[in-house]
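Each remark here refers to the structure printed beneath this line.
The values are calculated or read from the model by the stated rules, or taken from the named source; none is laboratory data. Owing to the predicted nature of the structure, the values given are computational and were not obtained by experimental measurement. FYI the Cβ positions are ideal-geometry reconstructions off the backbone, even for glycines, and counts take in every protein chain you see. Side chains are part of the model used for accessible areas, which takes the heavy atoms of the whole protein and leaves out ligands, DNA and RNA. Shrake-Rupley method; radii C 1.70, N 1.55, O 1.52, S 1.80 Å.
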Amino acid sequence: MRVLLVEDEKKLSEALTDILKKNGYEVDAVYDGEDGLDYACANIYDVIILDVLLPSLNGFEVLTKMRKKKVVTPVLMLTALSDEQDKVNGLDKGADDYLAKPFSVPELLARLRALTRRRGELVTDNVLTVGNVSLNLATYSLQTEKNEVRLSGKEFEIARYFFERPNFVSTKDDIISKVWGFDGEFISNNLEAYISFLRKKLAFVGANIAIEAVRGVGYKINIEKGEQK
Ligand code: CA
């Protein structure tokens, strides 16, 4: 899960980043509205935490502009004002949820879980399942009833990307920015190499799913087309 945190109070941002990382999220933190909008429009986040009072563009403006650009990432708005009007404003402009400062950490985490669940992921006991294959988020292993194999860090992240979006075509650029990040080092044939490792491991566990190339676009998981053993 990748979170974009748009919060200009540095201390709060640092504290939230620590907490989120400890809870298994990857976090990109930015400190003003314009950066928030730019990052949001990269469309690689599972959820965005967006403060209302921000330099350059305020949270409402960021939200309006990103929704106009068809970025549908769930947004949790934060504000120091526990003002009913702010809440209505945010929800009207397309926020998915709202949290007034000061808030408790368990409440923040619960809201984030609820927002990311709404995207339709099947996460039960740290396991994502597609077809007859489960990806265990705690042990980094791919499992079927027949077999089990551990994945390397990058293989796991790529597998997780596909398992979270079983019905979508994922572009190579999306996968690369999600897995390697904006500033991560990346050599362009790495992705193909990792995909080929993953295909071998899917075949090894007897998966009935396959990672298929979509010509000129990227990849998609297809069910019932994997190699049967
Ligand atoms: Ca603020």
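Here are the numbers:
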{"item": "Residues located in the range 13-49, provided they are within 16 Å of the ligand (Cβ to nearest atom), among the hydroxyl-bearing types (Ser, Thr, Tyr) and in a loop (DSSP other than H, G, I, E, B)", "result": "Tyr31"}
{"item": "In the range 50-91, residue farthest from Leu115 (Cα to Cα) [restricted to those that are among the hydroxyl-bearing types (Ser, Thr, Tyr) and more than 16 Å from the ligand (Cβ to nearest atom)]", "result": "Thr64"}
{"item": "Of all residues making up the range 145-164, the number that are surrounded by fewer than 18 Cβ atoms within 10 Å (Cβ to Cβ) and either in contact (Cβ under 8 Å) with a residue 40 or more places away in the chain or closer than 17 Å to Ala203 by Cβ (or both)", "result": "8"}
{"item": "Of residues in the range 5-24 being crowded, with 19+ Cβ neighbours inside 10 Å and of a type outside the set (Asp, Glu), the one farthest from Lys101 (Cα to Cα)", "result": "Leu20"}
{"item": "Restricting the range 50-71 to residues that are farther than 15 Å from Tyr39 by Cβ and of a type in the set (A, V, I, L, M, F, W, C), the residue that is least open to solvent (accessible area, probe 1.4 Å)", "result": "Val52"}
{"item": "Residue within the range 39-49 that is surrounded by fewer than 22 Cβ atoms within 10 Å (Cβ to Cβ) and in contact with a Leu (Cβ under 6 Å, 6 or more places away or on another chain) present", "result": "yes"}
{"item": "Whichever residue in the range 84-113 is open to solvent by less than 30 Å² (accessible area, probe 1.4 Å) and of a type in the set (A, V, I, L, M, F, W, C) and, among such residues, is farthest from Asn58 (Cα to Cα)", "result": "Leu109"}
